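Comments concern the structure below.
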Amino acid sequence: MNKILLIIQREYITRVRKKAFIIMTLLVPALFAGMFAVITLVANQKDQTMHAVYVIDNNGAFTNKFKDEPFVKFTYPNQSVDAAKKNLKSDDDLVLNIPPNTKDTVHLFALKKTTLSLADNIQAQMNDIVTGEGMVKAGIDTARLHQIKSNIAIKSTEITEKGENSTNMYATIALSFAGAILIYMSLFIYGAQVMRGVIEEKTNRIIEVIVSSVKPFQLMMGKIIGVGLVGLTQFVLWITLSAGISYFVGGNTSPANSAVHSFVHNLGANAGYEVFCFIFYWITGFLFYSALFAAVGSAVDSETETQQFMFPITLPLLFTYILCVSYLFTVPDSPLSVWLSMIPLSAPVAMMMRIPYNVPGWQLGLSMALMVVGFIFTTYVAARIYRVGILMYGKKASYKELAKWFFYKE
């Protein structure tokens, strides 16, 4: 046990002292802060280009009915659509041709492609005009209708054994989405670090000296746990630094901080539950996949040879991630969702997507138990390959060769 602790200490200290670790730890929060600032700035900037829309109203119901906006002005020339199109001189001017029957296609002509926002604005105004005219003809008082128009908002409340729990479903789903994405990314990033570390030591022949004093299993476990602690440290620092930057730049009353406070408030009691599940599946998922990455690193002599082994390992995780953002969150209790949240290869991502939907306790417990059992089994298999692979040089490994290494006697 002391040897494993020494290897963990060596891996952790060596990696956190690297310039790359320090730079990325400080740079990522600043990059994210800058990225969100740019997105917010760009999103708040509306199109300030002046557009002139020439309305050719063959129907007669739209003349002088459009409402001008700060950068959109409607005019009604007394000319044909062909003449209006020939008179277009600016790229920002448009000709709106309305047919006699509004059920026919309405055309919007311009010298360049029209922006979706401008087209949607014109379309919405036309629909409002037609709807208003229709209600007037039907004898419906539009002013009265707008007065009695309701705006009902539904707040979901879950009835539990401890009482009623009111939470914002959108907030809990957003948190589970973020957790699934972080787990998916970190498994690849830090798992690859384990693999590169093994390849580097094997290539430099350092491994031959190390295994003379420690067992290969101890070396592999120490490396996996050490890199895992580095990843956990970096995550904590990223969150802390991001929160600090947000507070000092915007203040406690800034829109960003207000949004964060509102988000946390909407999560309610589910916040702690989701964070616990995220930490558990991040740790067990990392240990599970890192053991496989370590086995791959021990079987090759360079990183270019890893592709044949990496694809089958990462395919289940990639498949689950794609399903999460397109299918699983819409049917969290389907048989496919349940099975994916049980299988250790896909559970870290799939279960995070199911957490907001009140997963039955036995399913969550079984999934966690299978993650622990899966990690132990994977570590056992990887260690048997690792003990032989780290001392093999110059021979290109295959799946058949890996099977032989597994069955080699001590």
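So here's what we get for this one:
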read-out: Over 22 Å between alpha carbons, listed pairs Lys18/Lys215; Lys86/Lys113; Lys65/Lys112; Lys18/Lys202; Lys86/Lys112; value: Lys18/Lys215; Lys65/Lys112
read-out: C-alpha long axis of helix 169-203 to longest principal axis of the chain, angle in °; value: 40 degrees
read-out: Compactness of the stretch 285-336 as Cα Rg over 2.2 N^0.38 Å, two decimals; value: 1.48
read-out: Counting DSSP beta bridges with both ends in the chain, the antiparallel % (nearest 5); value: 50 percent
read-out: Theoretical FRET efficiency, 1/(1+(r/R0)^6), r = Cβ-Cβ of Lys73 and Met185, R0 51 Å, to 0.05; value: 0.60
read-out: Using a Förster distance of 25 Å, the FRET efficiency for Phe217-Arg196 (Cβ separation, nearest 0.05); value: 0.80
read-out: Rounded, prolate or oblate (a/c below 1.5 giving rounded, otherwise prolate when a/b exceeds b/c) for the stretch 63-112 by Cα gyration tensor; value: oblate
read-out: Cα gyration tensor shape of the stretch 316-385, rounded if a/c is under 1.5, else prolate or oblate by comparing a/b with b/c; value: oblate
read-out: Percent of Cα-Cα distances greater than 15 Å, calculated over the stretch 364-410; value: 52 percent
read-out: Evaluated at q = 0.16, 0.26 Å⁻¹: base-10 log I(q)/I(0), Debye formula over Cα of the stretch 78-137; value: -0.60, -1.17
read-out: Value of relative contact order over the stretch 279-410, rounded to a whole percent, pairs C-alpha under 8 Å and six or more apart; value: 35 percent
read-out: Gaussian network model of the chain, springs between alpha carbon atoms under 10 Å - residue of Glu200, Glu274, Glu133 with greatest fluctuation; value: Glu133
read-out: Asn87 versus Ala119: modelled label distance in nm, points set 7 Å from Cα along the beta carbon direction; value: 2.5 nm
read-out: The chain: relative contact order as a whole-number percent, Cα under 8 Å and 6+ apart; value: 18 percent
read-out: Where the chain is the region considered: accessible area per residue in Å², 1.4 Å probe; value: 59 Å²
read-out: Tensor-based shape of the stretch 41-147 (alpha-carbon gyration tensor, a/c under 1.5 rounded, otherwise prolate or oblate); value: oblate
read-out: Accessible surface, 1.4 Å probe, highest first, among residues Met50, Met392; value: Met50, Met392
read-out: Label-point separation, Glu305 to Leu391 (7 Å along Cα→Cβ), nm; value: 1.7 nm
read-out: Label point 7 Å beyond Cα of Val209 along Cβ direction - residues of the stretch 291-312 with amide nitrogen under 16 Å; value: none
read-out: Pair Arg17, Leu31: separation of 7 Å Cα→Cβ label points (nm); value: 2.6 nm
read-out: Angle between the chain longest axis and helix 270-299 axis [Cα atoms, degrees, rounded to 10]; value: 50 degrees
read-out: Value of [θ]222 nm, deg cm²/dmol, for the chain, DSSP H segments ≥ 4, -39500 (n - 2.57) each, nearest 500; value: -21500 deg cm²/dmol
read-out: Options [x] 94, 58, 46; [y] 65, 48, 42; [z] 138, 51, 33 - which one matches Cα extents along the principal axes in Å as calculated here; value: [x]
read-out: GNM top mover of Ser213, Ser117, Ser176 - the chain, alpha-carbon springs below 10 Å; value: Ser117
read-out: The chain: most fluctuating residue of Leu27, Leu345, Leu328 per GNM, C-alpha cutoff 10 Å; value: Leu27
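The values are calculated or read from the model by the stated rules, or taken from the named source; none is laboratory data. All of these numbers come straight from a predicted model, not from anything done at the bench. When we count neighbours, we look across all protein chains shown, and the Cβ atoms used for this are built from the backbone with ideal geometry, even at glycine. For accessibility, only protein heavy atoms count, side chains too; no ligands or nucleic acids. Shrake-Rupley method; radii C 1.70, N 1.55, O 1.52, S 1.80 Å.
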